[in-house]
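Have a look at the structure below before the remarks.
The values are calculated or read from the model by the stated rules, or taken from the named source; none is laboratory data. Computed from a predicted structure; not experimentally measured. Here the Cβ positions follow ideal geometry from the backbone for every residue, glycine too, while neighbour counts run over all protein chains shown.
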Amino acid sequence: MDQRSYKTLARPLDIDAPAAYHQHQAGLRRSLMKEIDMAGLGVNIDHVATIRQARRTVEPDPVWAAAEAELGGACCITFHLRKDRRHINDRDARLLAQTVRCKLNMEMSLDNEIVAIAEEIAPAQATLVPEGRQEITTEGGLDTVKEFDRLAEVTKRLHAKGSLVSAFVDPHAPHIAAAARAGCDAIEIHTGAYANAWLIADQFRRQQEVKGRLDAISAGIAMGLDAGLVVHGGHGLTYNNIHPIAALRGFEEFNIGHSIIARAVFVGLRQAVAEMRALI
């Protein structure tokens, strides 16, 4: 598959197209990734906006960061428009929808204000996540069983605007099954517990915990695929811990933010993205 063919598939989807068109395009992307035997890399640019908001100024601009990430080889740009607007704001979301040339993935809660904005900008994909006011970052998967009715409602609304819908879930069978029943197209498996296992000081305990978390994630992938879902992964993934999880079969895409932005401080964002893509 030559670079021109890849760029054709990576173009943004027509926001006026029906959900079936987006599903067709997603199928083409999956076929491409299988052909070149790799999962795609989605780059989360929230952390660029976090630096900007630390000084309440205009730089660094996450919209510029998205362009640099694409040039480094990202096949997806991810951003999280939170209710409290602690990093990405409405201006960022609208400009990203206008300028990103690969797949745009909007992480979002089930809050009605945020859902309305997603309906307006119609990203290629919306990833539904839990959201807490006091959390530093997303701390776990969405409880798709408890939130089933609301999840199904929001999924239907986003499908009507042509967006694919993914649910950010822990690798638990009930939550994966509920996401499928609610009409989601994909799940993103929360890999935070796996990432935390790498921080255990005792080597034996670390190895055992990492193995256990990998086994749970592998089972989650199988459950997702059996349910007819596309499977993504993300949260806490770094240059140090990506190898074992990238080796698991079934992932279509990884969404990684903090580690890439941290690396970019020293080598630049374009190179940082290229290095992570090479590891995957």
Any residue at all in region 145-168 that is more than 23 Å from I245 (Cβ to Cβ), in contact with a helix residue (DSSP H, G or I) (Cβ under 8 Å, 6 or more places away or on another chain) and among the basic types (K, R)? yes
Which pairs turn up if I take residues in region 29-50 that are assigned to a loop (DSSP other than H, G, I, E, B) and at pLDDT below 95 and look for partners that are crowded, with 22+ Cβ neighbours inside 10 Å and aromatic (F, W, Y) with beta carbon separation below 7 Å, at least 6 apart in sequence or on another chain? A39/F251; A39/F254
Name every residue in region 66-124 that is over 25 Å from G268 (Cβ atoms), among the basic types (K, R) and touching a residue at least 12 places away in the same chain (Cβ under 8 Å), in order of residue number. R82, K83, R86, R94
Find the residue count for region 172-188, including only residues that are part of a helix (DSSP H, G or I), among the small types (G, A, S) and over 18 Å from the mean Cα position of the chain (by Cα). 3
Residues of region 229-251 being surrounded by fewer than 22 Cβ atoms within 10 Å (Cβ to Cβ) and closer than 20 Å to H80 by Cβ, which ones? G236, T238
Look through K211, K146 and report the one residue that is among the basic types (K, R), assigned to a loop (DSSP other than H, G, I, E, B) and either in contact (Cβ under 8 Å) with a residue 60 or more places away in the chain or over 24 Å from R91 (Cβ atoms) (or both). K146
Are any residues in region 149-183 among the charged types (D, E, K, R) and without any contact (Cβ under 8 Å) to a residue 60 or more places away in the chain, and if so, which ones? D149, R150, E153, K156, R157, D170, R181
Which members of region 107-127 meet the condition of being within 13 Å of the chain's Cα centre (by Cα) and in a helix (DSSP H, G or I)? none
With respect to L279, determine if the residue is in contact with a His (Cβ under 8 Å, 6 or more places away or on another chain), surrounded by fewer than 22 Cβ atoms within 10 Å (Cβ to Cβ) and more than 24 Å from M108 (Cβ to Cβ). yes
I'd like to verify a number: residues in region 189-200 that are outside any helix (DSSP H, G or I), more than 18 Å from the chain's Cα centre (by Cα) and touching a residue at least 12 places away in the same chain (Cβ under 8 Å), how many? 1
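Here is a yes/no grid of residues against (1) among the acidic types (D, E); (2) farther than 14 Å from G257 by Cβ; (3) crowded, with 16+ Cβ neighbours inside 10 Å:
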position: V58; (1), (2), (3): no, yes, no
position: P62; (1), (2), (3): no, no, yes
position: D84; (1), (2), (3): yes, yes, no
position: A93; (1), (2), (3): no, yes, yes
position: E107; (1), (2), (3): yes, no, yes
Can you confirm whether I221 is of a type in the set (V, I, T), in contact with a helix residue (DSSP H, G or I) (Cβ under 8 Å, 6 or more places away or on another chain) and buried (at least 17 other Cβ atoms within 10 Å of the Cβ)? no
Restricting region 130-161 to residues that are among the hydrophobic types (A, V, I, L, M, F, W, C) and modelled with pLDDT of 90 or more, which is farthest from N196 (Cα to Cα)? A160
Matching option when the condition is touching a Lys or Arg at 6+ places or on another chain (Cβ under 8 Å) and more than 20 Å from A39 (Cα to Cα), among A201, A197, A177: A197
